[in-house]
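*Asks:* I have a structure I would like to understand better, so I am pasting it below and will then ask my questions one at a time.
The values are calculated or read from the model by the stated rules, or taken from the named source; none is laboratory data. As the structure is a prediction and not an experimental result, all values here were calculated from the model. Cβ: placed from backbone, ideal geometry, glycine included. Neighbour counts: every protein chain shown. To get the accessible areas, we keep the full protein, side chains included, count just its heavy atoms, and leave off ligands, DNA and RNA. Shrake-Rupley method; radii C 1.70, N 1.55, O 1.52, S 1.80 Å.
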Amino acid sequence: MTFTVGGLCRRTGQFGTALSTSSIGAGGRCPHAAPGLGLVVTQARTDPRLGPLGLDLLRGGRSAEEAVAAIVASTPHSAWRQLGVLTADGEAAVFTGESCARPADGLVLGDGFVIGNWVRSEAVLAGIAAGFETDPMAELADRLIQGLEGGEAEGGELDPLQSAALVVCDPGYTFPIIDLRIDNSPTPIADLRRTWERWREIMDGYLLRAVDPAAAPDTRSLEGHA
């Protein structure tokens, strides 16, 4: 019971995913990303083991479509799974098992994918795609959240949303530069946008801590307590 958008920014080389759902903890179960490689999203009746498996398949040279096919072939429970795979160069593939909560479907975009199940209607997926593609020059994180907002505007899920997550990888770093999660909230997508806007203000300082800690600002400066 989740809707998700994954996408690549050709301008910056960043790729990432954003999702929202009516259950909590989805940010720890569904998205799996590896900088320089790609991402795998596993949802519906989620099996978090499929994410690392998919990344290993990409690491072994499989295409997005080949990775999806191999994941599906690896599990006897594929009917209950919904998958989205995106490579670091923008190749995407999706899968929706026949037992996923309906309505359920997936779309491959020009530089990404949309998947959803237990959504209000198929218009939700179209709304996510339209939101993501509204401004190709915007930051990828904004475009991904705009996708969620577009899906919510079309009715979102059939059950009230509780959580949302955003993960973005950048070619300059070996770890995701954005990994934000909202749980147990009546307005998770709005909260995710507010959290992203706050993280954007201080992100560079925390990234500098990883690569040059002596030159990085202290926590009080980053958090505005100084």
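*Asks:* Pick from Asp179, Asp105, Asp212: which residue has the top mean-square fluctuation in a GNM of the chain where Cα pairs under 10 Å get a spring?
*Replies:* In the Gaussian network model the winner is Asp212.
*Asks:* Only four residue types carry charge here, +1 at the Cβ of Lys and Arg and -1 at the Cβ of Asp and Glu. Report the dipole size of the chain about the Cα centre in Debye, rounded to the nearest 20.
*Replies:* I would put it at about 440 debye.
*Asks:* Could you work out the pair-distance distribution P(r) of region 49-166 from its alpha-carbon pairs, with 10 angstrom bin width and percents rounded to whole numbers?
*Replies:* Pairs per bin, as whole percents: 14, 41, 36, 9, 0.
*Asks:* Spelling out what I want: for every residue of region 34-42, take phi, set θ = phi - 60°, compute 6.51 cos²θ - 1.76 cosθ + 1.60 (Karplus), and round to whole Hz; glycine and proline get x.
*Replies:* 10, x, x, 10, x, 9, 10, 10, 10
*Asks:* Could I ask something else about it? Using a probe radius of 1.4 Å on heavy atoms only, what accessible surface per residue do you get for the chain? Whole Å² is fine. It would help to have the intermediate numbers written out before the result.
*Replies:* Details: 9730 Å² over 226 residues.
For the chain, the per-residue accessible area is 43 Å².
*Asks:* Another question, if that's okay. Can you give me the % of accessible surface on the chain that is carbon or sulfur? Probe 1.4 Å, all protein chains present, nothing else counted.
*Replies:* 52
*Asks:* Of (1) 17.4; (2) 19.4; (3) 18.4, which one was derived for Kirkwood radius over Cα pairs in Å from the structure shown?
*Replies:* Computed from the coordinates, Kirkwood radius over Cα pairs in Å corresponds to (1).
*Asks:* If you don't mind, there's one more thing I want to ask. Across region 50-57, in residue order, what do the Karplus-derived ³J(HN,Hα) couplings come to in whole Hz, using 6.51 cos²θ - 1.76 cosθ + 1.60 with θ = phi - 60° and x for Gly and Pro?
*Replies:* Residue by residue, region 50-57 yields 6, x, x, 4, x, 5, 4, 5 Hz.
*Asks:* If you don't mind, another one. At 222 nm, what helix-only mean residue ellipticity would the chain give, in deg cm²/dmol to the nearest 500, using -39500 (n - 2.57) for each DSSP H run of four or more?
*Replies:* Using -39500 (n - 2.57) per qualifying helix, the result is -10500 deg cm²/dmol.
*Asks:* Taking N as the number of residues in region 94-226, what is its alpha-carbon radius of gyration divided by 2.2 N^0.38 Å?
*Replies:* For region 94-226, the normalised Cα radius of gyration is 1.22.
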